[in-house]
Amino acid sequence: QVQLVESGGGLVQPGGSLRLSCAASGIIFTIATMGWFRQAPGKQRELVATITSGGSTNYADSVKGRFTISRDNAKNTVYLQIDSLKPEDTARYYCNAKTFAIAAWGQGTQVTVSS
């Protein structure tokens with residue numbers, strides 16, 4: 001059974017930083033494309049960033065230059081470094097794992113940007 005557990009969210013002031021983590025189990029992590037999505041209240045879930053098994057990354061235009069996705073295959077963990085946070089980044093952030101066989105979601109971690 002695939003399990004994705006996110007951590008690292010919290011309340012932060014505008015301009016601050018956070019690092020989100022997603023620990024994966026029950027999946028061949030090294031072949032999975034991993035992603036971060038977010039959903040703000042009243043809005044649809046949207047793609048934030050993805051990283052392939054080979055390390056290629058893709059970002060939403062709204063986060064380019066501020067967010068960095070990375071992975072540690074030895075730890076079965078994907079990270080999202082979030083810098084220069086803005087109030088509009090407030091959302092629940094979800095980890096996603098995708099292989100040829102499965103697609104799975106974590107429960108999410110809340111990020112709130114407020115002064």
Practice item. Report the relative contact order of segment 2-53, percent, no decimals, based on alpha-carbon pairs under 8 angstrom and at least 6 residues apart. Key: 29 percent
**Study point:** Cross-link reach list, aspartates and glutamates versus Lys64, counting only Cα pairs under 19 Å and skipping chain neighbours closer than eight places
**Key:** Glu46, Asp83, Glu88, Asp89
Review point. Which whole-number percentage describes the relative contact order of the chain, with Cα contacts under 8 Å and a sequence gap of 6 or more?
Key: 37 percent
Practice item. Report P(r) for the chain: all Cα-Cα distances, bin width 5 Å, range 0 to the bin holding the largest distance, values in whole percent. Key: 2, 13, 25, 26, 19, 10, 5, 1, 0
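Over the chain, give the accessible area per residue in Å² for a 1.4 Å probe, as an integer. Don't jump to the answer; show the numbers that get you there.
Working: 6030 Å² over 115 residues.
I get 52 Å² per residue for this part.
Net charge near Gly10, counting Lys/Arg +1 and Asp/Glu -1 over other residues with Cβ under 15 Å of its Cβ? Present the calculation step by step, with values, prior to reporting the outcome.
Numbers: positive: Arg19, Arg38, Arg92; negative: Glu6, Asp83, Asp89.
Result for the local shell: 0.
With loop defined by DSSP as not H, G, I, E or B, and exposure as at most 14 other Cβ atoms within 10 Å, which is the longest segment of the chain clear of exposed trypsin sites (Lys or Arg not before Pro)?
Values: sites that count: Lys43, Lys64, Lys75.
Looking at the chain, 1-42 is the longest stretch - no exposed trypsin sites (Lys or Arg not before Pro) with at most 14 other Cβ atoms within 10 Å.
Dipole size in debye (nearest 20) for the chain around its Cα centre, Lys and Arg Cβ +1, Asp and Glu Cβ -1? Display every interim value, and only then the final one.
On the way: 11 positive and 7 negative charges, 14 e Å.
Dipole magnitude for the chain comes out near 60 debye.
Quick check: at a probe of 1.4 Å, how many percent of the accessible area of segment 1-95 sits on carbon and sulfur atoms?
47 percent
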Point to revise | Among Ala104, Gln39, Ile69 the positive-end extreme of the charge dipole of segment 39-115 (Cβ point charges) | key: Ala104
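If you stretched the chain out fully between Arg66 and Gln107, how much longer would it get, using 0.36 nm times the residue separation minus the C-alpha to C-alpha distance? Each step should come with its number before you reach the end.
Numbers: separation 41, 0.36 × 41 = 14.76 nm, distance 2.36 nm.
Stretched fully, the Arg66-Gln107 segment lengthens by 12.4 nm.
The values are calculated or read from the model by the stated rules, or taken from the named source; none is laboratory data. Source: prediction; values computed, not measured. Using ideal geometry, Cβ is built from the backbone for each residue, glycine included, and neighbour counts are taken over all protein chains shown. All accessible areas refer to the heavy atoms of the entire protein, side chains included, with ligands and DNA or RNA removed. Shrake-Rupley method; radii C 1.70, N 1.55, O 1.52, S 1.80 Å.
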